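Remarks on the structure that follows.
None of the figures in this text is laboratory data; all of them are computed from the coordinates on show. This is a predicted model, so every value here is computed, not measured. Neighbour counts are summed over all protein chains in view; Cβ atoms, including those assigned to glycine, are modelled from backbone coordinates with ideal geometry.
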């Protein structure tokens, strides 16, 4: 019924994009209300679609349009349980953030471009979520990358924003190429790019080929979801407006990589899942450690996002299909909330350095409360949403591998540490120099904060309303059985792990409280004691340095050689041919004397030659 | 009495054509060049009429008539061009009228 019209969902924001580009100029808020109304309509439609999927319990796949008549290229829609969850996240959070933008972007000189690019992003993200085949998915994926690039570089006059946009584009491009290679391998070997057809063919396919293809597809997810070693672009992407960070770099686009892994989950082999798990674990721990030392409010949250994306990846890697998606769902609420709070704080204080802030609670009670809710949920302390998904993840990881469990548990402690460190420094304590003139932000900005707070508090309780069995319907039946069997091993230890994780979080919170609020130990002295570690962390494990070394020293020198070959060999050949014909022409033009009788003589000469040939051939030409 | 075959006519035609061609290539005066071209055309006419007469086919003679008419037109155009050249260059010496060269 309604689900058959799901194609309208991405179409409406796309129309908004066109309308704003064409007619937004000079309108109030640069056409912001066009974006709000059309994206709002799209949200209602997607909520109706989701309701239908929930009520009927069936996914829907359209027959699709045959593209270019190529076999297996059917461009259609697939709205199943997994897409429904993503659809919910993208449309609801997209709408909330567009409303918040009305307040946040007020007075910016270029709001028209902002709303146009945001609409384009939401349109492509919605298309990505409901595409039924990997080629259409890839097209939407690239559009998402493009709009992310445009929005990171929104304030392109700032050199740091322009270079951050370029960095994000180039780094994710590495992943995109791998994803494309993976899709091509699947198409060559299995002859289709339709996701559901791939599920049917996968069990009979060559395991080595599947491992390679899924690893390449995971490479795409590593780029987009900012996993180690391609995580370097996300912290720099904070140069964009904070609303962009909240929507694209916390709730939706970065989770597209996780969604991709979940989308083609039945194709993954145990070998490729092992890589997924370890990459996720390493990312979670590394990013959480870096988040502890950062002093820019948005960067702390950015590293936190990388860390939590690592949690989702590790969950998917260890077979916790539900755990990963559940955490994705919860994370998008509390992380979007935290970003919007950070946006409100930046809006009020005009700085991003947390040491200039402090004591903001009294000035901004609503933002402070919302931030506290987000922090509580993120830290994974019961009973709010972050706790439920983190609990399932730890359960699954424990059943898989104990070393990986230790890594993940370390990341959980650090999560609690960095987020409450941020909260205490920004909102508690004595007033910083930027706090004095701060005041609570306008209604249009606090209302979205409250809406997202409700999501951050209660989204975790969906686990009691059959979210798991709902989600599992989007996987083929035999796989569900295998996953259930794997998680049954952990059933005996489940309670202990829950108590263990709660105490981990409590240790983290108490430590932060002791250091930053009660000042039992000075933060500076801790930093001094562990100064080598601090240096490594503040330099982001030197990964940026390594990449710069590779690109400036190695790739640059290769480019110089290639340039030399191009200039002297390739260009040399082409120019040589050109020079030869010029020289030949210079001689030949002497024939054009301007005397008409010379030409007549040549005509006679030519005719004579023809006649001689005529004679030699015996009168036949 | 020698029998006059088509061969004799062809030899005559070749001689006249060669005279015309030589005149065309060697004369400096533009009017002489036009006259040489007329001679060459008439050599062709002799050819056409001779073949026509010996084969009993009138087509060749019709062609010759056409050639004469067109030669007249060509001479008109050629002389007009020469007149125009004389006005702008002050000479009809073809060696001196060689502006269109490299």
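Let's test the formula: R0 of 35 Å, r as the Cβ-Cβ distance of residue A:109 and residue A:469. What FRET efficiency results, to the nearest 0.05?
Between residue A:109 and residue A:469 the formula returns 0.10.
Specify whether the C-alpha gyration tensor of the stretch B:6-89 places it in the rounded, prolate or oblate class, a ≥ b ≥ c being the square roots of the eigenvalues: rounded for a/c under 1.5, otherwise prolate if a/b is larger than b/c and oblate if not.
oblate
Using 0.36 nm times the number of residues separating residue A:513 and residue A:27, minus their current alpha carbon distance, what extension gain do you get? It would help to have the intermediate numbers written out before the result.
Working: separation 486, 0.36 × 486 = 174.96 nm, distance 4.90 nm.
Gain on extension, residue A:513 to residue A:27, equals 170.1 nm.
Enter the mean number of other protein chain beta carbons within 10 Å of the beta carbon of each residue in A:596-602, as an integer.
Per residue, the number of nearby Cβ atoms from other chains is 4 on average.
In whole Å, largest first, what are the principal axis extents of the Cα atoms in chain A?
Computed over chain A, the largest-to-smallest principal extents equal 112, 59, 52 Å.
Can you tell me the order of A:599-605, A:53-59 when each peptide is scored by its average per-residue count of other Cβ atoms within 10 angstrom, highest first? Spell out each step's value before the answer.
Values: A:599-605: 12.4, A:53-59: 14.0.
Packing order, densest peptide first, comes out as A:53-59, A:599-605.
What distance in nm separates the simple spin-label points at residue A:162 and residue A:548, each placed 7 Å from Cα in the Cβ direction?
1.9 nm
Please report A:484, A:176 as a ranked list, fewest other C-beta atoms within 10 angstrom at the top and most at the bottom.
Ranking A:484, A:176 by Cβ neighbours within 10 Å, fewest first, gives A:484, A:176.
With the crude spin-label approximation of a point 7 Å out along Cα→Cβ, what separation in nm comes out for residue A:444 versus residue B:100?
With each label placed 7 Å out from Cα toward Cβ, I get 7.4 nm.
Counting partner chain Cβ atoms within 10 Å of every residue's Cβ in B:15-27, what's the average?
1
Using the C-alpha gyration tensor of the stretch A:362-475, what are the square roots of 5 times its eigenvalues, in whole angstrom, with the largest one first?
Sorted largest first and rounded, they come to 33, 20, 8 Å.
Starting with the fewest neighbours, write out A:613, A:425, A:44 ranked by other beta-carbon atoms found within 10 Å of each beta-carbon. Show your work: numbers first, answer last.
Details: A:613 10, A:425 22, A:44 13.
In increasing order of surrounding Cβ atoms, one gets A:613, A:44, A:425.
Using only DSSP helix segments of four residues or longer, with each worth -39500 (n - 2.57), what per-residue ellipticity at 222 nm results for the protein assembly as shown after dividing by its residue count and rounding to 500? The partial results should precede the final answer.
Working: 31 runs with 518 residues, N = 723.
Mean residue ellipticity at 222 nm (helix-derived): -24000 deg cm²/dmol.
Which order results if A:62, A:37, A:124 are arranged by neighbouring Cβ count within 10 Å, fewest first? Don't skip to the end; give the middle numbers.
Details: A:62 17, A:37 13, A:124 26.
If I rank by nearby Cβ atoms, fewest first, I get A:37, A:62, A:124.
Let's test the formula: R0 of 25 Å, r as the Cβ-Cβ distance of residue B:22 and residue B:58. What FRET efficiency results, to the nearest 0.05?
0.15
Kindly state, to the nearest 0.05, the FRET efficiency for residue B:70 paired with residue A:573, given R0 = 56 Å and r defined as their beta-carbon distance.
Numbers: r = 53 Å, r/R0 = 0.94.
With R0 = 56 Å, the Cβ-Cβ based efficiency is 0.60.
Given points 7 Å out from each Cα along the Cα-Cβ axis, report the residue A:539 to residue A:566 separation in nanometres with one decimal.
If labels sit at residue A:539 and residue A:566, their model points lie 3.3 nm apart.
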